[in-house]
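Beneath this line is the structure, given in structure tokens, with notes to follow.
Read-outs: derived from the displayed coordinates by stated rules, not from any lab. Since we're looking at a predicted model, the values are computed, not measured. When we count neighbours, we look across all protein chains shown, and the Cβ atoms used for this are built from the backbone with ideal geometry, even at glycine.
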Amino acid sequence: MLETLDLLERRTTTDLVFDSLHEDIVTLKLLPGSKLSEAEVSRSFGVSRQPVRDAFNRLANLDLMLIRPQKATEVRGFSMDRIAHARFVRLAVELEVIWHACSVWDDRRAEVVELNLELQQQAIESAELETFHALDREFHKLICELGGCPLAVKTIEECKQKVDRLCMLSLGRGREAATLLKDHRELAHALKEGSVANSTAIVRRHMGRLDDTIAEVRRMHAEYFE
């Protein structure tokens, strides 16, 4: 019984450390190459080293941290190979989701998505960039769920996170919001029409917009790439 309670407590502590470090890494508060030590992090959180070690391992499994024996643990840099693979997987999944969504789309589903689009427009007009990007994620999640592929959300989010961290360094994040919303509106219209061809073409174009952003960041911040 005591062992079970100890395990639950450690999991809770590990989650706390993991969530905090994960947030710092994906928001670039901790930049690629930043050094971290179990001892310093455990002191900072006031916990033992075991939950910190567990959190480090979870972050390493997400390709966000590089753990090397006898060397300092550090925030992992960007890898063009991993980014390309993440984009490949995400595109493949999203295209399959779209195929399913087109077969079941109706007015009720269209209304739910339209509400999200209206909120995206409001966020842009209010210059609330983080709100817009949260609604952007919600938009893609809604298509998965309403299209009958709710489990695809996790895969898409995992792939998206690998690229989003890099996109935080882009100088054009504010300017691109209106363009992304235009894509979202066109996709919503194509879904309402039930057009697989138009929907998939829009998704490919939408995903392709990341190419220039990735190239820009790599050119300006080569030191953050492996």
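Residues considered: PHE132, PHE88, PHE56. Largest GNM mean-square fluctuation over the chain, using C-alpha springs under 10 Å, is found at PHE88. With respect to the chain, whose longest principal axis is taken over its alpha-carbon atoms, helix 80-104 is tilted by about 40°. Measure nothing fancy, just the Cα-based angle from helix 196-208's long axis to the longest principal axis of the chain, in degrees from 0 to 90, nearest 10. Long axis of 196-208 versus the principal axis of the chain: about 40 degrees. Relative to the Cα centre, the charge distribution of region 2-75, modelled as +1 at Lys and Arg Cβ and -1 at Asp and Glu Cβ, gives a dipole magnitude of about 300 debye.
Neighbouring Cβ atoms within 10 Å as the yardstick, rank ILE98, ILE143, ILE25, ILE67 fewest first.
Values: ILE98 25, ILE143 29, ILE25 22, ILE67 16.
Listing ILE98, ILE143, ILE25, ILE67 from fewest to most nearby Cβ atoms yields ILE67, ILE25, ILE98, ILE143.
On the beta carbon distance between ARG137 and LYS71, with R0 = 35 Å, the FRET formula returns roughly 0.50.
Determine the alpha carbon to alpha carbon distance for each of LYS141/LYS182; LYS141/LYS192; LYS154/LYS192; LYS29/LYS162; LYS29/LYS160 and list only those over 21 Å. Provide the component values of the computation, followed by the final result.
Details: LYS141/LYS182 18 Å; LYS141/LYS192 17 Å; LYS154/LYS192 25 Å; LYS29/LYS162 16 Å; LYS29/LYS160 19 Å.
As for pairs spanning more than 21 Å Cα to Cα, those are LYS154/LYS192.
Summing Lys and Arg as +1 and Asp and Glu as -1 over all other residues whose Cβ lies under 11 Å from the Cβ of GLU145 gives a net charge of +1. To the nearest ten degrees, helix 152-167 and the longest principal axis of the Cα atoms of the chain are 70 degrees apart.
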